[in-house]
1. Restricting attention to segment 137-150, does a residue exist that is part of a loop (DSSP other than H, G, I, E, B), touching a Gly at 6+ places or on another chain (Cβ under 8 Å), of a type in the set (Phe, Trp, Tyr) and more than 21 Å from Ala18 (Cα to Cα)?
2. Looking at segment 105-114, is at least one residue among the small types (Gly, Ala, Ser) and at pLDDT 95 or above?
3. Out of all the residues in segment 153-170, which are closer than 20 Å to Pro5 by Cα and not in a strand (DSSP E or B)?
4. Among the residues of segment 151-181 satisfying the criterion of being over 24 Å from Arg20 (Cα atoms) and of a type in the set (S, T, N, Q), which is nearest to the chain's Cα centre (by Cα)?
5. Given (1) surrounded by fewer than 20 Cβ atoms within 10 Å (Cβ to Cβ); (2) among the hydroxyl-bearing types (Ser, Thr, Tyr); (3) under 13 Å from the mean Cα position of the chain (by Cα), identify the lone condition not met by Thr109.
6. Between Leu88, Leu44, Leu98, Leu130, which is over 24 Å from Ile12 (Cα atoms), hydrophobic (A, V, I, L, M, F, W, C) and touching a strand residue (DSSP E or B) at 6+ places or on another chain (Cβ under 6 Å)?
7. Residue pairs, Cβ under 6 Å, 6 or more apart or interchain, first in segment 152-168 and of a type in the set (Asp, Glu), second part of a loop (DSSP other than H, G, I, E, B). List them.
8. Restricted to segment 136-151, and to residues that are of a type outside the set (A, V, I, L, M, F, W, C) and modelled with pLDDT of 95 or more, which residue is nearest to Asn111 (Cα to Cα)?
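The values are calculated or read from the model by the stated rules, or taken from the named source; none is laboratory data. Given the structure is predicted, the values throughout are model-derived calculations rather than measurements. Cβ atoms come from the backbone with ideal geometry, glycine included; neighbour counts cover every protein chain shown.
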Amino acid sequence: MTQRPYVIDVMISAKAIAARIEELCEEIQKEFGNTDKLVVVGLLRGSFVFIADLVRELDLPIEVDFLEASSYGDAMESSREVRILKDLRGAIEGRDVLVVEDIVDTGHTLNHVTHLLQSRNPARLKSIALLDKPSRREVEFRSDWVGFEIPDEFVVGYGIDYAQRNRNLPHIGKVRFTDEG
């Protein structure tokens, strides 16, 4: 696949992300303060940087697991067909669970994953998304916590990719194609 030429404009700085994670962790700790262990489920691959920073900031007993769901592939638009590529290793029945997503766009992926995990009877199931694009929502879904609401822009960085590139950027950047005049 040949990629169009693009540049990346900083949208949310690394410093702003770190500050927001601190705030979110305070709220999560209040919600799950009485848990014997919080199962933090990262949705791969985009959430891996966010989940790493999140769990380091949480002062709770934590277990980390991962689930990989896909509705994008290498495309910029969701296919709306959610496929589970890697399931959880552990059981979550009767456990407190926090699902960590990088970005909620159409809502199909997190809605599908939440229903799937709810069917496994966790004690509590909450979700957090680093980014939310409410203008793109196609299904009624709202994360319990959101880092930043953003406009309908294609973004990369902080674990989020464009065709497996730019995950390593320390900030969230807006992709601007240079062949668009």
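1. Narrowing segment 137-150 to residues part of a loop (DSSP other than H, G, I, E, B): 137-144, 150.
This time we only want the ones that are touching a Gly at 6+ places or on another chain (Cβ under 8 Å), so: 137-141.
When the remaining residues are screened for being of a type in the set (Phe, Trp, Tyr), the result is 141.
Filter once more, so that each one left must be more than 21 Å from Ala18 (Cα to Cα): 141.
Scanning segment 137-150 turns up at least one residue that is part of a loop (DSSP other than H, G, I, E, B), touching a Gly at 6+ places or on another chain (Cβ under 8 Å), of a type in the set (Phe, Trp, Tyr) and more than 21 Å from Ala18 (Cα to Cα).
2. Scanning segment 105-114 turns up no residue that is among the small types (Gly, Ala, Ser) and at pLDDT 95 or above.
3. To start, the set of residues in segment 153-170 that are closer than 20 Å to Pro5 by Cα comprises 153-157, 160-169.
The answer is Glu153, Phe154, Asp161, Ala163, Gln164, Asn166, Arg167, Asn168, Leu169.
4. Across segment 151-181, the extreme among qualifying residues is Gln164.
5. If we test Thr109 against (1) surrounded by fewer than 20 Cβ atoms within 10 Å (Cβ to Cβ); (2) among the hydroxyl-bearing types (Ser, Thr, Tyr); (3) under 13 Å from the mean Cα position of the chain (by Cα), just (1) comes out false.
6. Values: Leu44 fails: over 24 Å from Ile12 (Cα atoms); Leu98 fails: over 24 Å from Ile12 (Cα atoms); Leu130 fails: over 24 Å from Ile12 (Cα atoms).
The conditions single out Leu88.
7. Listed by first residue and then by second, the contacts come to Asp152/Lys133; Asp161/Arg167.
8. Narrowing segment 136-151 to residues of a type outside the set (A, V, I, L, M, F, W, C): 136-138, 140, 142-144, 147, 149, 151.
If we keep only those that are modelled with pLDDT of 95 or more as well, we get 143-144, 147, 149, 151.
Numbers: Ser143: 9, Asp144: 12, Gly147: 18, Glu149: 18, Pro151: 20 Å.
So the residue we want is Ser143.
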